[in-house]
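As structure tokens, the structure follows; a few thoughts come after it.
The values are calculated or read from the model by the stated rules, or taken from the named source; none is laboratory data. For clarity, every value in this text was computed on a predicted model and none was experimentally measured. All Cβ positions, even for glycine, are placed from backbone atoms using ideal geometry, and neighbour counts span all protein chains on display.
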Amino acid sequence: LGAFTVPASAQNYPTRTITMIVPFAAGGPTDVISRIVTAHMAQTLGQSIVIENVVGAGGTTATTRAARAANDGYTLITGHMGTHAASVPLYPKLAYHPEKDFEPVALLAGTPILILARKDFPPKDLKEFVAYVKANAEKVNAAHAGIGSVSHASCELLNSILGVKPVGVPFNGTGPAMNALVAGQVDYMCDQIVNAVPQINAGTIKAYAVATPERNPSLPNVPTTTEAGLPAFQAQAWNAIFAPKGTSPAIIATLNAAAIKALDDENVRKRLLDLGSVIPAPANRTPEALATLVKNEIAKWTPVLKPAT
Ligand code: MLT
């Protein structure tokens, strides 16, 4: 039956190179997760997957491009909690809608958020950080990856809990933002764990807390925000593959199966876990589960971010 209902173009998919748009700079969390997973997916699919970093406007430039791409399975995007949820309340004129303009393919990784600072930032722990940022609200600055990015949205949540409005310093991704943090050019940042683990382990930045209920196995010495005295700040982002709306169900199924196979691969798992990612449980790996996540995340972030617009 399948042979009669599946369009010819989907039957032998893929027959050529696939482009995976990454909406942030190379070397950042979305790029790193995409490269780890797509390298394995390419083996399964028998075709190359080329990463194209398209930066700007907190990831919304790239996501607009992906929404308008041909829905033939050859242009995909790794979106995240920012591009496919936080951007909705922050950009009243957003040129795409995460739910209406995309087919969810597969969730790749959960990424706990950490409160990080330059190595010589005066506060020693989270309690001191809170007091310092409140006392120096006019002076301190916070790096982020553009309005609507994960780092921006999660620090908006932190800053609203603290009642502060630091100066925001935008970058094209938290890869370059992390370089600025390491160089001491910016004060603090809320970033996804994947980007932070190598720097924390190298001792080049400070980590005050991880904003999840449990400590992360990759950073056993970093306390949770609850342990460190700020239980109200809880944040975990996620990265996931999306295809333009109308991409054939057969292609989505092929891509989803390849992503799941990657997430079950021992080497892929080790690389993701070593960087602190949370590998999605089987029930959360379907396109339907990703659609539900997007819906819930838009509902969750809209009231948090609406006052900031
Ligand atoms: C990145 O890859 O640079 C991040 O995902 C940016 C962010 O959303 O904070």
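Computed values, structure above
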read-out	value
Any chance A62 is among the aliphatic types (A, V, I, L, M), crowded, with 19+ Cβ neighbours inside 10 Å, assigned to a loop (DSSP other than H, G, I, E, B) and in contact with a Pro (Cβ under 6 Å, 6 or more places away or on another chain)	no
Odd one out for L116, checked against (1) modelled with pLDDT under 95; (2) in contact with a strand residue (DSSP E or B) (Cβ under 8 Å, 6 or more places away or on another chain)	(1)
Selected residue [small (G, A, S), farther than 19 Å from V182 by Cα and either in contact with a Gly (Cβ under 9 Å, 6 or more places away or on another chain) or at pLDDT 95 or above (or both)] from A143, A135	A135
Meets criteria (buried (at least 22 other Cβ atoms within 10 Å of the Cβ) and more than 14 Å from the ligand (Cβ to nearest atom)) for V182	no
Test result for I51, of a type in the set (A, V, I, L, M) and either surrounded by 21 or more Cβ atoms within 10 Å (Cβ to Cβ) or within 17 Å of V150 (Cβ to Cβ) (or both)	no
Of all residues making up the stretch 201-220, the number that are charged (D, E, K, R), touching a Phe, Trp or Tyr at 6+ places or on another chain (Cβ under 7 Å) and assigned to a loop (DSSP other than H, G, I, E, B)	0
Where Y188 falls short, out of the listed (1) under 20 Å from the mean Cα position of the chain (by Cα); (2) away from the ligand (no atom under 14 Å from the Cβ)	(2)
So N195, is it in contact with a Ser or Thr (Cβ under 9 Å, 6 or more places away or on another chain) and either of a type in the set (S, T, N, Q) or within 15 Å of the ligand (Cβ to nearest atom) (or both)	yes
Set I36, I77: member being at pLDDT 95 or above and in a strand (DSSP E or B)	I77
Test for T226: is it over 18 Å from the mean Cα position of the chain (by Cα), more than 16 Å from the ligand (Cβ to nearest atom), in a loop (DSSP other than H, G, I, E, B) and free of Cβ contacts under 8 Å to residues at least 60 places away in the same chain	yes
In the stretch 145-176, the residues that are within 12 Å of the ligand (Cβ to nearest atom) and part of a helix (DSSP H, G or I)	V150, S151, H152, A153, S154, C155, E156, T174, G175, P176
Only one of K270, K306, K300 that is at pLDDT below 95, surrounded by fewer than 19 Cβ atoms within 10 Å (Cβ to Cβ) and either over 22 Å from A67 (Cα atoms) or not charged (D, E, K, R) (or both)	K306
Hits in the stretch 91-109 - residues which are over 20 Å from I279 (Cβ atoms) and either touching a strand residue (DSSP E or B) at 6+ places or on another chain (Cβ under 8 Å) or buried (at least 24 other Cβ atoms within 10 Å of the Cβ) (or both)	Y96, P98, D101, F102, E103
Output for the stretch 234-259, where each listed residue is more than 18 Å from the chain's Cα centre (by Cα) and either modelled with pLDDT under 95 or β-branched (V, I, T) (or both)	T247, I251, I252, T254
Count - residues of the stretch 9-26 that are near the ligand (Cβ under 8 Å from one of its atoms) and in a loop (DSSP other than H, G, I, E, B)	3
